[in-house]
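J.: Just dropping this structure here.
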Amino acid sequence: MNRAFSPLLFLALGACANSGMQEVMSAADEGEVIDGEFIISIEVPADVAEELGLVQLDWDDTLGAGLFRTDRHLSRVAIEASLKERVRGSLMVESNRPTRALAADPYRWIQWNMDMMKIETAWGYSTGRGTTVAVIDSGVSWEGSDAPTNLIAGWDYVDDDADPSDENGHGTHVAGTIAQASNNGEGVVGMAPDTNILVYRTLDRDGYGSVYWTAKAITAATDNGADVINLSLGSSSSSNTERQAVQYAASAGVVIVAATGNAGNNRVDYPGAYAETIAVGAVGADKRVASYSNGGSDIDVVAPGGESGQDVNGDGYGDGILQQTITGYEFFDGTSMATPHVAGLAALLISAGANPEDVAVIIRTTAEDVGSQGWDTWSGYGLIDPVAALASIGEPAPGAEVPDEEPESDATGPVISDIGGERAGNSLTLTWTTDEPASSEIEFQGYGMYGDANDLVTAHEQAFTINPATSYTFRMVSTDAAGNQTIGAWWISNP
């Protein structure tokens, strides 16, 4: 889900016209000033202050000066001249001037996700310099002054050429969250603004691609020096070719980050479900797992993914993730948007000196617990915390206890529900669901056990050839990834 963002935010700077005689400003007075405010190095006598309409707002002994205000449209030169006529000794009068964050990005204040990441504090440790993140997606746009600064063209597998420019917008949005040009006075910021983005286009203008293209891009990114690979894409089924590419990258020390999927079910999509990846789910601005975010036994962490139907922070905009796309600044939602936050954090950690093989453990162990206590199937180890992660490598602790690579499993078997069946001639089709991914088998009384116990799913269906005139008594047997088994009640299917 996405919504176009119209950048109608602006700062109006009005010129102030003085009434009466105009002054000729000295070079020191040229430039922007706060109208009517002056810094004066003496405590102005009461009679003089009354005559000039000066009100003392503050005094600081260390500075040896105070802040004064007048509504009489007097110039600095006029005030200084009047004071010199009445006060002996040295005197300094200067206009108070506005200050602002240098090169502030005007839409940064709408990025609740970067507030959640405490990103400006994280930049005190690292900005990603010297690292490379491969974005395998719909390509990235080189257009616009707010594009990631360090873009490197990889390959376009859709058109089979060397120009992986984005024709969809998804990849540009993802790359922006990782490394949008930041503190440049344009638009928004990214997690690791000084990292290099290595671009591979594997999704077409409609957002579709193939596992073959994904696999080729993963191996190419590995061979071309990627430290991190971002995969904000996926499918519900595994692929041996894709798995081998992921294993190839992991064996080379590449950190692979992938989305869990947006179906809202308890099963992580591939390639996120492969053991070698960091599988990322999504939360909204309230730190609750987003309604669309897939969970399951393979999830590692969650990160900001957005919920555009909410406005939790009350900024007047839906809580999507704001970044530049090929059509301007837009709010997108999804685990695709959550994943680049983690890829950006991985780049920050490697830039700050973390060993790539330790990055996944650092991210997991420093995450904020936002779900059930400890690891759980919806939020994994919790919400990533860049500041805590970066601080943890300031003084390495070699003997620190870390979680196992695989999440701890509970001791509870899957819940079986929604059992149904349909008979037609000599065919019987049974359906049921489980509350977590589980294997499926059917035990027929007197006939034995049937089914495929290898596919971990939550929606189950089995078809059998039967005698149309016979009643069949059966029950479901479901086994989750941890080996916990549930045996359902007996059911009867009559002719």
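J.: Within segment 289-317, count every residue that is surrounded by 16 or more Cβ atoms within 10 Å (Cβ to Cβ) and over 15 Å from Asn113 (Cα atoms).
T.: The number of residues fulfilling the criteria is 10.
J.: Taking segment 50-68 as the search range and keeping residues that are of a type outside the set (Asp, Glu) and without any contact (Cβ under 8 Å) to a residue 12 or more places away in the chain, which one is surrounded by the most Cβ atoms within 10 Å (Cβ to Cβ)? Steps first, answer last, please.
T.: Step one: filter segment 50-68 for residues of a type outside the set (Asp, Glu), giving 52-57, 59, 62-68.
From the residues that got through so far, the ones that are without any contact (Cβ under 8 Å) to a residue 12 or more places away in the chain too are 62-63.
Values: Thr62: 5, Leu63: 11.
Ranking the qualifying residues of segment 50-68, first place goes to Leu63.
J.: Please list, ordered by first then second residue, the pairs with beta carbon atoms under 6 Å, 6 or more apart or interchain, first in segment 224-246 and among the aliphatic types (A, V, I, L, M), second at pLDDT 95 or above and part of a loop (DSSP other than H, G, I, E, B).
T.: Hits for this filter: Ala226/Val254; Ile229/Val254; Leu231/Pro271; Val246/Pro271; Val246/Tyr274; Val246/Glu276.
J.: Got a number for residues in segment 107-116 being surrounded by fewer than 24 Cβ atoms within 10 Å (Cβ to Cβ) and either closer than 30 Å to Thr219 by Cα or in contact with a Pro (Cβ under 8 Å, 6 or more places away or on another chain) (or both)? Give the derivation first.
T.: Going residue by residue through segment 107-116, those that are surrounded by fewer than 24 Cβ atoms within 10 Å (Cβ to Cβ) are 107-112, 115-116.
Now narrow it down to the ones that are either closer than 30 Å to Thr219 by Cα or in contact with a Pro (Cβ under 8 Å, 6 or more places away or on another chain) (or both): 107, 112, 116.
Here the count works out to 3.
J.: Next question. Could you list all residues from segment 477-493 that are in contact with a Ser or Thr (Cβ under 7 Å, 6 or more places away or on another chain), assigned to a strand (DSSP E or B) and either acidic (Asp, Glu) or open to solvent by less than 40 Å² (accessible area, probe 1.4 Å) (or both)?
T.: Residues satisfying the conditions are Ser478, Thr479, Thr486, Ser493.
J.: Those residues that are under 20 Å from Asp227 (Cβ atoms) and touching a Gly at 6+ places or on another chain (Cβ under 9 Å), I need them from segment 151-170; list them, please. Give the derivation first.
T.: Residues of segment 151-170 that are under 20 Å from Asp227 (Cβ atoms), as a first pass: 151-155, 164.
Pro164 - this is the single residue of segment 151-170 that is under 20 Å from Asp227 (Cβ atoms) and touching a Gly at 6+ places or on another chain (Cβ under 9 Å).
J.: Working only within segment 328-348, note down all residues that are at negative phi, assigned to a loop (DSSP other than H, G, I, E, B) and not charged (D, E, K, R).
T.: Here is the first cut: in segment 328-348, the ones at negative phi are 329-333, 335-348.
Filter again for assigned to a loop (DSSP other than H, G, I, E, B), leaving 333.
None - no residue of segment 328-348 is at negative phi, assigned to a loop (DSSP other than H, G, I, E, B) and not charged (D, E, K, R), so the list stays empty.
J.: Moving on. Can Asn262 be described as of a type outside the set (Lys, Arg), open to solvent by 30 Å² or more (accessible area, probe 1.4 Å) and either out of contact with any Pro (no Cβ under 8 Å at 6 or more places or on another chain) or not in a loop (DSSP other than H, G, I, E, B) (or both)? Before the answer, list the steps.
T.: Details: of a type outside the set (Lys, Arg): yes; open to solvent by 30 Å² or more (accessible area, probe 1.4 Å): yes; either out of contact with any Pro (no Cβ under 8 Å at 6 or more places or on another chain) or not in a loop (DSSP other than H, G, I, E, B) (or both): yes.
Here the answer is yes, as Asn262 does meet what is asked.
J.: In addition: Taking segment 178-222 only, how many residues are open to solvent by 30 Å² or more (accessible area, probe 1.4 Å), of a type in the set (Ser, Thr, Tyr) and either closer than 14 Å to Thr241 by Cβ or touching a residue at least 60 places away in the same chain (Cβ under 8 Å) (or both)?
T.: Number of matching residues: 3.
J.: In the set Tyr329, Tyr292, which member is among the hydroxyl-bearing types (Ser, Thr, Tyr) and either over 16 Å from Gln180 (Cβ atoms) or at pLDDT 95 or above (or both)? So that I can check it myself, show each step before the final result.
T.: On the way: Tyr329 fails: either over 16 Å from Gln180 (Cβ atoms) or at pLDDT 95 or above (or both).
Only one candidate passes the filter, namely Tyr292.
J.: While we're here: List the residue pairs whose Cβ atoms are under 8 Å apart, where the first residue sits in segment 457-471 and is surrounded by 10 or more Cβ atoms within 10 Å (Cβ to Cβ), the second is among the basic types (Lys, Arg) and in a loop (DSSP other than H, G, I, E, B), and the two are 6 or more positions apart or on different chains.
T.: Val457/Arg267; Thr458/Arg267
J.: For Leu74, all conditions in the list (1) surrounded by fewer than 23 Cβ atoms within 10 Å (Cβ to Cβ); (2) under 19 Å from the mean Cα position of the chain (by Cα); (3) not basic (Lys, Arg) hold save one; what is the number of the exception?
T.: Just one mismatch for Leu74, condition (2).
J.: Restricting to segment 382-417, count the residues that are of a type outside the set (Val, Ile, Thr) and modelled with pLDDT of 85 or more. Reasoning before the result, please.
T.: The first filter runs over segment 382-417 and keeps only residues of a type outside the set (Val, Ile, Thr), leaving 382-383, 385-386, 388-392, 394-401, 403-411, 413-414, 417.
From what's left, modelled with pLDDT of 85 or more: 382-383, 385-386, 388-392, 414, 417.
Matching residues across segment 382-417 total 11.
J.: From the set of residues in segment 131-168 that are under 26 Å from Asn355 (Cα atoms) and modelled with pLDDT under 95, which is surrounded by the most Cβ atoms within 10 Å (Cβ to Cβ)?
T.: Taking the candidates together, the pick is Pro148.
J.: Okay, moving on. Hey, does segment 284-293 have a residue that's more than 24 Å from Ile256 (Cα to Cα), touching a residue at least 40 places away in the same chain (Cβ under 8 Å) and assigned to a strand (DSSP E or B)?
T.: no
The values are calculated or read from the model by the stated rules, or taken from the named source; none is laboratory data. The shown structure was predicted, so the numbers you read here are calculated from the model rather than taken from an experiment. We place every Cβ from the backbone using ideal geometry, glycine too, and count neighbours over all the protein chains shown. These area figures cover heavy atoms from the full protein model, side chains too; ligands, DNA and RNA do not enter into them. Shrake-Rupley method; radii C 1.70, N 1.55, O 1.52, S 1.80 Å.
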